[in-house]
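Throughout, read-outs are computed from the coordinates displayed, never taken from laboratory work. As the structure is a computational prediction, the values presented were derived from the model and not from experiment. A quick note on method: Cβ atoms are made from the backbone with ideal geometry, for glycine too, and the neighbour counts reach across all protein chains shown.
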Amino acid sequence: MFSKAITRTPSYTMGCGITGANLGRPDPELARAQHSAYVAALREAGLEVTVLEAHEDYPDSVFVEDVAVMVPVENGVAAVITRPGAGPRRGEVESMRAHLRTFATDLFEIDDPGFMEGGDVMLIRDTFYIGIDKRTNHSGFDQFSRIVSSFGYKCVAVPFENGIPHLKTEITQVDENMLLSSSRFAGRPEFKSFEIIMAPEEETYAANCLYLGKTLLMPAGFPEIRNVLQGKGLSPKEIEMSEFQKMDGGLTCLSLRF
């Protein structure tokens, strides 16, 4: 499913980033330890992981998924460099561009007036499901759709206005045709072809899981969701995410996978 991933070491300034979680400031050293365990889990799943140095000028830069979308193409992978809807994060794009050139056969960019963040983009087989919200607008969606349609992909817009940071904050793929979702996305027609597991309200954070094909990662500390996933025949590996949860970040946010 994936063979490579790009991650970035958490900065010591991470606690100055954007968050509405109200869970306190993250412990930088604990965040780095948790990030190291995350990288180890990716490698254990068979991915070749590139770990970039911390970027102290950009507190949210550990969430590398938001600044680009990797698009599998016939001869490798193309990269769409986004234009984050959160203005303070737009400087992160420049520091990622050179690294993407190492891996991508083609580079594309979202231009003004469009904006997009990768946390709103969920690729399942040949379709990109894209949240339209405060971080990704219709212009960004339209630009992205034109780019990826040239490679044979379809795009489905998923507009929402319920105050969550990104689409994948509360709905992610956990198996080939199975999604784990919060109640906020219950009954959405865009996902009617999937089997949907509903996360209990008190465990909504764990709706952000990371499906790697043979491996499924989930945040540690959410026993109800773990039990439901196990009941579906899945074997999720739990990853400590407490410090990233404080910054509204989840498992998918911490890597660019391709």
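The residue pairs whose first member lies in the stretch 1-25 and is in contact (Cβ under 8 Å) with a residue 40 or more places away in the chain and within 20 Å of ALA45 (Cβ to Cβ), whose second member is of a type in the set (Gly, Ala, Ser) and surrounded by 15 or more Cβ atoms within 10 Å (Cβ to Cβ), and whose beta carbons are closer than 8 Å, counting only pairs six or more residues apart or on different chains, are ALA5/SER255; ILE6/SER255; THR7/SER255; ARG8/ALA54; ARG8/SER61; THR9/ALA54.
Once the stretch 74-118 is narrowed to residues that are hydrophobic (A, V, I, L, M, F, W, C) and farther than 20 Å from PHE141 by Cβ, the residue that is farthest from the chain's Cα centre (by Cα) is ALA98.
Per-residue answers, yes or no, for (1) of a type in the set (A, V, I, L, M); (2) touching a Phe, Trp or Tyr at 6+ places or on another chain (Cβ under 7 Å); (3) without any contact (Cβ under 8 Å) to a residue 12 or more places away in the chain:
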position	(1), (2), (3)
PRO84	no, yes, no
ARG97	no, no, no
ARG101	no, no, yes
ASP120	no, no, no
ARG125	no, no, yes
GLY131	no, yes, no
LYS134	no, no, no
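Just need a number here: residues in the stretch 69-88 that are of a type in the set (S, T, N, Q) and in contact with a Gly (Cβ under 9 Å, 6 or more places away or on another chain). Of the residues in the stretch 69-88, 1 are of a type in the set (S, T, N, Q) and in contact with a Gly (Cβ under 9 Å, 6 or more places away or on another chain). Residues that are in a strand (DSSP E or B) and under 14 Å from LEU251 (Cα atoms) within the stretch 192-222 comprise LEU210, TYR211, LEU216, LEU217, MET218, PRO219, listed in sequence order.
The set of residues from the stretch 20-68 being touching a Gly at 6+ places or on another chain (Cβ under 6 Å) and assigned to a helix (DSSP H, G or I) comprises GLU65, ASP66. Of the residues making up the stretch 111-170, those that are farther than 26 Å from MET198 by Cα and hydrophobic (A, V, I, L, M, F, W, C) are PHE115, MET116, PHE141, PHE144, ILE147, VAL148, PHE151. Taking the options VAL228, VAL121, VAL148, VAL158, name whichever one is of a type in the set (A, V, I, L, M) and either within 18 Å of PHE2 (Cα to Cα) or under 14 Å from the mean Cα position of the chain (by Cα) (or both). Being of a type in the set (A, V, I, L, M) and either within 18 Å of PHE2 (Cα to Cα) or under 14 Å from the mean Cα position of the chain (by Cα) (or both) holds for just one of VAL228, VAL121, VAL148, VAL158, which is VAL121.
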